[in-house]
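**Student:** Here it is: the structure, laid out below.
The values are calculated or read from the model by the stated rules, or taken from the named source; none is laboratory data. Note that the structure is a prediction, hence the values are computed from the model and not measured. For neighbour counting, all protein chains shown are included, and Cβ atoms are generated from backbone atoms with ideal geometry for every residue, glycine included. Only protein heavy atoms, including side chains, enter the accessible area calculation; ligands, DNA and RNA are left aside. Shrake-Rupley method; radii C 1.70, N 1.55, O 1.52, S 1.80 Å.
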Amino acid sequence: MQTISIQIQDNYVNDFMNYVDNHSQNITIAKDKNLEIDSYFYDRRKKLHQIRNDVKNGKMKLLTQEESDTEIELFFQELENN
């Protein structure tokens, strides 16, 4: 069995569902709760995994809370000085 994602134009949903009903022995429809909550869920997850890998590989530095606070303060000071 293969899983695919499809997009259906609003005005074609009923026709598509009728097709699925007529071929239900071969087609199973399941809603993805992740996509119901956040339509960009899988894109965000991919990006998060890439960031995590970059931190593990040393391509990106993970700051402590204190380091992050200091960086943000410096950033705002630079904005005020400009």
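**Student:** Could you please tell me which pairs satisfy a Cβ distance under 8 Å, a separation of 6+ or placement on different chains, a first residue in region 17-40 that is under 15 Å from THR3 (Cβ atoms), and a second residue that is of a type in the set (Val, Ile, Thr) and open to solvent by 70 Å² or more (accessible area, probe 1.4 Å)?
**Tutor:** VAL20/ILE29
**Student:** Filter region 49-66 down to the residues that are polar (S, T, N, Q), part of a helix (DSSP H, G or I) and open to solvent by less than 100 Å² (accessible area, probe 1.4 Å) and list them by number.
**Tutor:** GLN50, ASN53
**Student:** Is there any pair with a first residue in region 53-71 that is without any contact (Cβ under 8 Å) to a residue 12 or more places away in the chain and a second that is part of a helix (DSSP H, G or I) and not basic (Lys, Arg) whose Cβ atoms are under 7 Å apart and which are 6 or more apart or on different chains, and what are they?
**Tutor:** MET60/ILE51; MET60/ASP54; LEU62/VAL55; LEU63/GLU71
**Student:** Just a yes or no: is a residue in region 67-77 within 26 Å of the chain's Cα centre (by Cα), open to solvent by less than 80 Å² (accessible area, probe 1.4 Å) and either small (Gly, Ala, Ser) or at pLDDT 95 or above (or both)?
**Tutor:** Yes, the conditions are met somewhere in region 67-77.
**Student:** On the basis of being open to solvent by less than 100 Å² (accessible area, probe 1.4 Å) and among the acidic types (Asp, Glu), does ASP10 make the cut?
**Tutor:** Taking the combined requirement at face value, the residue does not satisfy it.
**Student:** Of the conditions (1) in a helix (DSSP H, G or I); (2) under 13 Å from the mean Cα position of the chain (by Cα), SER39 clears all except one; give me its number.
**Tutor:** The failed condition is (1).
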